[in-house]
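Here's the structure we're looking at; comments come further down.
Taken together, the values in this text are just the output of simple stated rules run on the coordinates, not laboratory data. Small disclaimer: the values here were computed from a predicted structure and weren't measured. Positions of Cβ are generated from backbone atoms using ideal geometry, with glycine treated the same way; all protein chains shown enter the neighbour counts.
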Ligand SMILES: Cc1cc2nc3c(=O)[nH]c(=O)nc-3n(C[C@H](O)[C@H](O)[C@H](O)COP(=O)(O)OP(=O)(O)OC[C@H]3O[C@@H](n4cnc5c(N)ncnc54)[C@H](O)[C@@H]3O)c2cc1C
């Protein structure tokens, strides 16, 4: 039996929201390339999510939570199993604490844009750095997303998760170790939501800062082409983009996939790019940087799925 058939049998009798079978991930990933996922499941609430996860665990079917797919590259051979597309859980609310401070509770599938806009509307400062990061709360917590000297770790106060058996747990900030673009939350948990502690600020200043960041991003990043943000992690005191640019690799292509001429740590899809082109270009850059600079570049983007 194929994995796809096994998934149909496992989920057939459940009310789980939307399911796409044998779905090309290129339709949804920010890179607009990548292989097929056996099933993409978007649940509408946490109860449905728990039901799906428990059933998949029981039937031994692999699954992976994903948000906006803005930091993922799926190899050409596709992902065998179920991607749990968290975008169906996208609520965010703002409330006050007893000590006078405020917080936002956001579900994992809420976009950072939505959460940062809510904070700005409530004149709460702390999330301005999220402006222009196109991910969701779940992806941002998992990756400890950051920009301009601030990271998710600086504003998050609790993270709620479920495990493969559907058990819920809430981690306090001090129970999680966040490092550069990663967190040590157990690999097999699904982040369902997070609370962000924020301070009262000036609405005008918050909006001005967000506009400034957006302008800066438009000036520096090749946003006119599909991409996944920074491809490689920076090294201490050494931006990956500078290393790549110094080796003259801006503009280097594999098929329709190209090292951006605007920012060397971005790889863009100029139309018909494939995951194989992207992997080939990433490997080429890593080998070149290793040979010429004796530095091993690690990818920031998460690469998953089967080789062809
Ligand atoms: C134009 C552009 C600019 C960007 N700028 C920045 C930037 O300034 N700073 C930065 O840090 N990143 C940046 N990124 C990268 C990306 O947007 C962030 O890493 C973002 O946090 C990823 O969120 P996502 O929802 O898209 O996650 P996805 O790409 O869907 O997933 C990323 C990882 O998180 C895991 N994950 C997702 N949701 C969950 C969940 N609910 N529970 C458990 N695990 C989960 C996935 O399994 C995967 O391992 C940029 C990307 C683009 C395209």
Could you tell me whether residue 113 is more than 8 Å from the ligand (Cβ to nearest atom), outside any loop (DSSP other than H, G, I, E, B) and closer than 18 Å to residue 88 by Cβ? yes
Taking residue 83, is it crowded, with 24+ Cβ neighbours inside 10 Å and closer than 26 Å to residue 11 by Cα? yes
Are any residues in region 164-193 assigned to a loop (DSSP other than H, G, I, E, B), surrounded by 16 or more Cβ atoms within 10 Å (Cβ to Cβ) and either in contact (Cβ under 8 Å) with a residue 60 or more places away in the chain or more than 10 Å from the ligand (Cβ to nearest atom) (or both), and if so, which ones? 166, 176, 181
Scan region 70-99 for residues that are over 13 Å from the mean Cα position of the chain (by Cα) and in a loop (DSSP other than H, G, I, E, B) and report the count. 10
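Out of region 131-150, which residues are more than 7 Å from the ligand (Cβ to nearest atom) and either farther than 16 Å from residue 182 by Cα or assigned to a loop (DSSP other than H, G, I, E, B) (or both)?
Residues satisfying the conditions are 131, 144, 148, 149.
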Given (1) crowded, with 20+ Cβ neighbours inside 10 Å; (2) within 25 Å of residue 5 (Cβ to Cβ), index of the condition residue 50 fails: (1)
Among 7, 104, 19, which is the only one that is away from the ligand (no atom under 11 Å from the Cβ), more than 19 Å from the chain's Cα centre (by Cα), surrounded by 20 or more Cβ atoms within 10 Å (Cβ to Cβ) and part of a strand (DSSP E or B)? 104
Could you list all residues from region 22-48 that are part of a strand (DSSP E or B) and farther than 21 Å from residue 163 by Cα? 22, 23, 24, 36, 37, 38
So in region 198-233, with the set limited to residues that are free of Cβ contacts under 8 Å to residues at least 12 places away in the same chain and assigned to a loop (DSSP other than H, G, I, E, B), which one is farthest from the ligand (Cβ to nearest atom)? 224
Those residues that are touching a residue at least 60 places away in the same chain (Cβ under 8 Å), surrounded by 16 or more Cβ atoms within 10 Å (Cβ to Cβ) and assigned to a loop (DSSP other than H, G, I, E, B), I need them from region 266-306; list them, please. 273, 274, 297, 300, 301, 305
As an exercise: evaluate residue 262 against (1) more than 22 Å from the chain's Cα centre (by Cα); (2) away from the ligand (no atom under 16 Å from the Cβ) and give the number of the one condition it does not meet. (2)
Does residue 69 meet the test of being touching a strand residue (DSSP E or B) at 6+ places or on another chain (Cβ under 8 Å) and within 30 Å of residue 306 (Cβ to Cβ)? no
